[in-house]
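One structure is given here, and the rest of the page talks about it.
Taken together, the values in this text are just the output of simple stated rules run on the coordinates, not laboratory data. Everything quoted here is computed from the prediction, not taken from an experiment. Using ideal geometry, Cβ is built from the backbone for each residue, glycine included, and neighbour counts are taken over all protein chains shown.
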Amino acid sequence: MRLSDVLTEDNIIAELKAREKGAVLDEMVTGLAARMSGLDAAKTLEAVLDRERLGTTGIGHGVAVPHGKCKGIAGVKVFFGRSRNGVDFNSLDREPVYLVFLIIAPEGAPAAHLKALAGISHLLKSHDLRQSLLKAESVGEIYRIIAEADRRA
């Protein structure tokens, strides 16, 4: 699964307003629900927060990949948000998170969910890619950086 298949330019926030983890997740879920008919924001946020309570999704190097499974959606959806100030996500390396990839998957699709998670994790191992995303000037530029990296992978 390619990241560009599940992430659209419309699902990118170039500058997250929230400054703490719960508020960032709320901002992202609310944004995604506004773009997806049939997605219940409250239930989706609850699913993401439930997953977060099992262990941090802050994977290190300034990246977090929160995720949850929800009823009523067709296929995996990814939403991206960037915080230039950083957010305390209780990350594995204890560093702030600047790049957040939110994955929402149907309840009955664990393989697709895991493929998206693995693909994002693989792409974001690149220091250069992470730096490019932090420096990008627009939503369009962020999307192009991700799509190019995805094609090369």
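Look at the Cα gyration tensor of region 1-84: its axes a ≥ b ≥ c give a/c under 1.5, and that counts as rounded. The Kirkwood hydrodynamic radius of the chain, based on inverse pair distances between different Cα atoms, is 15.1 Å.
The relative contact order of the chain comes to 28 percent, based on Cα pairs under 8 Å that sit 6 or more residues apart. Counting only DSSP beta bridges with both residues in the chain, the antiparallel share comes to about 50 percent. The slack between Ala23 and Glu141, meaning 0.36 nm per residue of separation minus the straight C-alpha distance, is 40.0 nm. If the segment from Arg152 to Arg53 were pulled out straight at 0.36 nm per residue, it would be longer than the present Cα-Cα gap by 32.2 nm. With a simple spin-label model that places each label point 7 Å from the Cα along the Cα-to-Cβ direction, the separation between Glu9 and Leu92 comes to 3.3 nm.
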